[in-house]
Amino acid sequence: MASEESEACDCSALPPLSPIHLQRLDGRQTYDYRNIKISFGTDYGCCIVELGKTRVLGQVSCELVSPKLNRATEGILFFNLELSQMAAPGFEPGRQSDLLVKLNRLLERCLRNSKCIDTESLCVVAGEKVWQIRVDLHLLNHDGNIVDAASIAAIVALCHFRRPDVSVQGDEITLYALEERDPVPLSIHHMPICVSFAFFQQGTYLLVDPNEREERVMDGLLVIAMNKHREICTVQSSGGIMLLQDQVLRCSKIAGVKVAEITELIQKALENDRRVRKEGGKFGFAESIANQRITAFKMEKAPVDTSDVEEKAEEIIAEADPPSEAVSKPVLWTPGTAQIGEGIESSWGDLEEEDEEDEGGSDEVTILDSVKMETEDQNVGNHIGDDTPIVLSDSEEDEIIILEPGENPKKTRTQANCQQGKVPSKKAIRKKKQQPAD
């Protein structure tokens, strides 16, 4: 994969830094930025920034803490970037990788060291209580250029954030809820934004906003943090390549143009969210999702005219063919069954006749069993005079009855019932006569 991508980025036949003829893997030109989308949550200070397929969630929180000893009248800014396995499988959870440490340091230099936020306005009581502003950035999806997406998400979340209002009366500090007083926005002097440049073939060719594939094969990376006033906040070069003065100046000019465009986009997004909240409209992440993604299978309502339904029904019935009067013969799939419906007559009477035949056959079997049991009782009676005990077993479970001399055998209920009102057949009488006498 790396060899194929290096061949795709191989532009040795083109002149250096030619933005016209160079075609990138995703169809962009050399200096093209990916589409930027900004969406806000229901709470202040929560936003999601999408730079192409790279997504970063920004969340700002605050609390009252004691100030630092050397800066008793300044608030505290804290930045934290997290790279989870949800964004890319190569990130290890719970471990500070070199990439994560480098990104956190770059964000701190870009936002905190550039004095973009007035930290003195975060002081409540000098030397006792100040506001600590914490910016948490979570990478949701990684498709290259994490620095730019994280810097945009951080500055947007800070601009969108509102802290609770406080009042000081003597030694008492009162913190008001959002319902009691309107929250107070942060004092922001400027908006520094990072712009990344990827270099190939030892600085011969450069690309703006490299994606994940381009980052794999690049030789070096140059990050320039700048505001819309063309003030450079920080510069960082990585990869060990040697850059000329003209290359750095060209990158700074490109960064100035890109930062101005991104700053205008951020201001428009903040103004739209402010207007929606003021008018009482719907806002949040759910409202920012395109309707096509949720209502893709929803059908639009169509008006239905039901004024002349009866007349149309009569016309349809009149034009329809009359039903056939012929009735087919019943179909018997198996004995005792019948097919019902579609004009076929029922033949359930056949099932009743078969039940009667089954009952008659069961009576004959009962008579034969009773005759056989009577013959066994008589044979047992003839052997009573002997000294040896007699064992009878007339059930499938082999129930054993031992008859002692001088005692009469007990007849079971089945035998007694069979003797009442039963007449042996001729076949049973013949079988009885053929048995030899003891």
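Is there any pair with a first residue in the stretch 161-180 that is within 20 Å of Ser121 (Cβ to Cβ) and without any contact (Cβ under 8 Å) to a residue 12 or more places away in the chain and a second that is open to solvent by 40 Å² or more (accessible area, probe 1.4 Å) and not in a strand (DSSP E or B) whose Cβ atoms are under 9 Å apart and which are 6 or more apart or on different chains, and what are they?
Ser167/Tyr176; Ser167/Arg181
So which pairs qualify, if the first residue must be in the stretch 186-206 and open to solvent by less than 10 Å² (accessible area, probe 1.4 Å), the second must be β-branched (Val, Ile, Thr) and modelled with pLDDT under 90, the Cβ gap must be under 6 Å, and the two must be at least 6 apart or on different chains?
Here the result reads Phe199/Ile241; Gly203/Ile241, each pair linking the stretch 186-206 to a residue that is β-branched (Val, Ile, Thr) and modelled with pLDDT under 90.
In the stretch 89-130, how many are over 30 Å from Asp171 (Cα atoms), in contact with a Pro (Cβ under 8 Å, 6 or more places away or on another chain) and either assigned to a strand (DSSP E or B) or open to solvent by 40 Å² or more (accessible area, probe 1.4 Å) (or both)?
Result for the stretch 89-130: 0.
Among Ile173, Ile133, which is the only one that is outside any loop (DSSP other than H, G, I, E, B), among the β-branched types (Val, Ile, Thr) and open to solvent by less than 10 Å² (accessible area, probe 1.4 Å)?
When all the criteria are applied, what remains is Ile133.
Is it the case, given these coordinates, that Glu63 is within 22 Å of the chain's Cα centre (by Cα) and part of a strand (DSSP E or B)?
No; evaluated as a whole, the condition is false for this residue.
Out of the residues in the stretch 208-226 meeting the condition of being hydrophobic (A, V, I, L, M, F, W, C) and open to solvent by 10 Å² or more (accessible area, probe 1.4 Å), tell me which one is farthest from Asp148 (Cα to Cα).
Among residues in the stretch 208-226 that are hydrophobic (A, V, I, L, M, F, W, C) and open to solvent by 10 Å² or more (accessible area, probe 1.4 Å), the one farthest from Asp148 (Cα to Cα) is Val217.
Where residues in the stretch 144-165 are modelled with pLDDT of 90 or more and touching a Ser or Thr at 6+ places or on another chain (Cβ under 8 Å), which of them is surrounded by the fewest Cβ atoms within 10 Å (Cβ to Cβ)?
The extreme case among them is Val147.
Do we find a residue being open to solvent by 80 Å² or more (accessible area, probe 1.4 Å), modelled with pLDDT of 90 or more and either out of contact with any strand residue (DSSP E or B) (no Cβ under 7 Å at 6 or more places or on another chain) or outside any strand (DSSP E or B) (or both) anywhere in the stretch 31-42?
Yes; the residues of the stretch 31-42 include at least one that is open to solvent by 80 Å² or more (accessible area, probe 1.4 Å), modelled with pLDDT of 90 or more and either out of contact with any strand residue (DSSP E or B) (no Cβ under 7 Å at 6 or more places or on another chain) or outside any strand (DSSP E or B) (or both).
With a cut-off of at least 1 residues that are at pLDDT 75 or above and over 30 Å from Leu103 (Cβ atoms), name the helices (runs of 4 or more DSSP H) lying wholly within the stretch 235-349.
245-279, 309-319
On the given criteria, is Arg55 surrounded by 18 or more Cβ atoms within 10 Å (Cβ to Cβ) and of a type in the set (D, E, K, R)?
On the way: surrounded by 18 or more Cβ atoms within 10 Å (Cβ to Cβ): yes; of a type in the set (D, E, K, R): yes.
Judged against the criteria, Arg55 is a match.
The values are calculated or read from the model by the stated rules, or taken from the named source; none is laboratory data. Source: prediction; values computed, not measured. Positions of Cβ are generated from backbone atoms using ideal geometry, with glycine treated the same way; all protein chains shown enter the neighbour counts. Side chains included, ligands, DNA and RNA excluded: accessible areas come from the protein's heavy atoms. Shrake-Rupley method; radii C 1.70, N 1.55, O 1.52, S 1.80 Å.
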